[in-house]
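Below you'll find the structure, written out as structure tokens, and then a few comments.
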Amino acid sequence: MPVLNTVDNGFIKTSFLQAARREEFQQKWMSAETWAQLIVKYSIVDSNLIFNGDQLDKCINSRENKRLREEMDLRLSIPKDHIGIFHEQLRKKGSTKKTSYYYATTSGQSPLEKEKRWYECINDAQELLSKKITRASEINVTRS
């Protein structure tokens with residue numbers, strides 16, 4: 001994997017929001033690192049634009065994205081125009097660091113109610129990460 005460059009937060013945010021609209025990425029609790037890997041695999045062709053999960057978390061948690069974070073943390077009374085992305089954090093047993101997880105769905109929807117707790121539904125997206133990509137099946141994101 002190429003050396004990570006400093007990628008603009010605006011690009012990271014836009015890439016994440018676009019990826020969250022893809023049906024195949026929705027209805028899954030995935031770590032920031034998994035989201036970043038999916039975005040890199042499916043959307044980025046320029047190796048100078050590659051970013052990782054830590055950079056995605058820093059972008060989402062930056063001061064300029066405070067309103068986005070607040071919207072992601074809503075759980076009750078989801079408005080019709082809600083962004084459709086939700087955020088949770090989990091500290092795994094034996095770890096000192098919390099890991100961020102994101103869930104995407106269609107606008108105005110909330111995470112699917114399951115019999116399990118959200119952290120029991122974490123998905124590593126291996127089926128998406130191991131899928132072979134062809135030019136005909138993908139749209140590429142480039143810097144605008």
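The values are calculated or read from the model by the stated rules, or taken from the named source; none is laboratory data. Only a predicted model underlies this, so the values are computations on that prediction, with no experimental measurement involved. So basically every Cβ, Gly included, is an ideal-geometry build from the backbone, and we count neighbours across all protein chains shown.
A compact table of results
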{"item": "Which numbered condition Ser137 fails, given (1) at pLDDT 75 or above; (2) exposed (fewer than 12 other Cβ atoms within 10 Å of the Cβ); (3) not aromatic (Phe, Trp, Tyr)", "result": "(1)"}
{"item": "Entirely in the range 1-112, the helices (runs of 4 or more DSSP H) that have 1 or more residues that are among the hydrophobic types (A, V, I, L, M, F, W, C) and out of contact with any helix residue (DSSP H, G or I) (no Cβ under 9 Å at 6 or more places or on another chain)", "result": "none"}
{"item": "Any hit, the range 96-111, residues being surrounded by fewer than 15 Cβ atoms within 10 Å (Cβ to Cβ) and at pLDDT below 80", "result": "yes"}
{"item": "Neighbours by Cβ (under 6 Å, 6+ apart or cross-chain): first from the range 6-21, without any contact (Cβ under 8 Å) to a residue 60 or more places away in the chain; second surrounded by fewer than 20 Cβ atoms within 10 Å (Cβ to Cβ) and not polar (S, T, N, Q)", "result": "Val7/Leu49"}
{"item": "Filtered residues of the range 49-64 (kept if within 13 Å of Asp8 (Cβ to Cβ), free of Cβ contacts under 8 Å to residues at least 60 places away in the same chain and surrounded by 12 or more Cβ atoms within 10 Å (Cβ to Cβ))", "result": "Ile50, Phe51, Gln55, Leu56, Lys58, Cys59, Ser62"}
{"item": "Residue tally, condition within 19 Å of Gln55 (Cα to Cα) and out of contact with any Asp or Glu (no Cβ under 7 Å at 6 or more places or on another chain), over the range 71-95", "result": "7"}
